[in-house]
1. 5 Å is the cut-off here: which amide hydrogens, built 1.01 Å from N in the peptide plane, fall below it relative to Q67, excluding neighbours closer than 5 in sequence?
2. Can you work out ³J(HN,Hα) from phi for every residue in the stretch 48-63, in order, using Karplus 6.51 cos²θ - 1.76 cosθ + 1.60 and θ = phi - 60°, giving whole Hz and x for Gly and Pro?
3. Could you sort the peptides 118-125, 84-91 by per-residue average Cβ neighbour count (10 Å cutoff), highest mean leading?
4. Between the stretch 93-123 and the stretch 144-171, how far is it from one alpha carbon centroid to the other, in angstrom?
5. For an R0 of 41 angstrom, estimate the FRET efficiency from the Cβ-Cβ distance between N101 and R36 and round to the nearest 0.05.
6. Tell me the mean residue ellipticity at 222 nm calculated for the chain from its helices only (DSSP H runs of n ≥ 4, each -39500 (n - 2.57), averaged over every residue, nearest 500).
7. How would you rank V15, V170, going from fewest to most other Cβ atoms within 10 Å of each one's own Cβ?
8. Taking amide H atoms as placed 1.01 Å from N in the peptide plane, list the residues 5 or more away in sequence, or in a different chain, whose amide H sits under 5 Å from that of V97.
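Computed from the coordinates by the stated procedures, all read-outs in this text should not be read as laboratory data. Since this is a predicted model, take the numbers as computed values, not measurements. Using ideal geometry, Cβ is built from the backbone for each residue, glycine included, and neighbour counts are taken over all protein chains shown.
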Amino acid sequence: MSQLFGPIRQCGIVVPSLDRALDYWTGTLRIGPFFRADHVELDHFHYRGQPSEVDLSIALANSGDMQIELIEQHNDAPSPYRDFLDRHGPGLQHYSVWSENFDNDISRFAEEGLTVLVEGQLGNGTRFVYYAGGDDAQPLMEMSDLTPASAGGFQMIREAAARWDGRDPVR
């Protein structure tokens, strides 16, 4: 557990092809089921202080208590996902913590001197930020607002993984 952020809940992995990644994670690693969202609706997305029209598809699954997020970016809009893929290829791009008091945590992390790299909001109202890391070789830290809707969805994904029998691997 991070003494600053609290427990890490998610590993975010950037991939060039969500389809190929899902085949690997469900078939080879036998982790699933994954819940896929193509062309995720974003109310807004700012990268390095500038608006960006990023086009993402994601898939979420759990391995125990750890949520796995696979991320494919479809366009060349500025984003930390595109930058990571261009610099490093596919791999672990961020860790995520889930905040039950998002505004207070934003203020607390600002007082700690952390720099916001990304600020965004999903179409369902869930806010998120990524904080700039020490260097390009380290995964970023994301904080996501744990709303009742997102908490319910995350619980459903965790429960589906706990009873997954290998059938219907992508939903």
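1. Long-range HN contacts for Q67: Q10, C11.
2. So the Karplus estimates, Gly and Pro as x, are 6, x, 10, x, 9, 9, 6, 10, 10, 10, 9, 9, 10, 8, 10, 10 Hz.
3. 118-125, 84-91
4. Result: 23 Å between the Cα centres.
5. After rounding, the FRET efficiency stands at 0.85.
6. -7000 deg cm²/dmol
7. V170, V15
8. R9, E142, M143, S144
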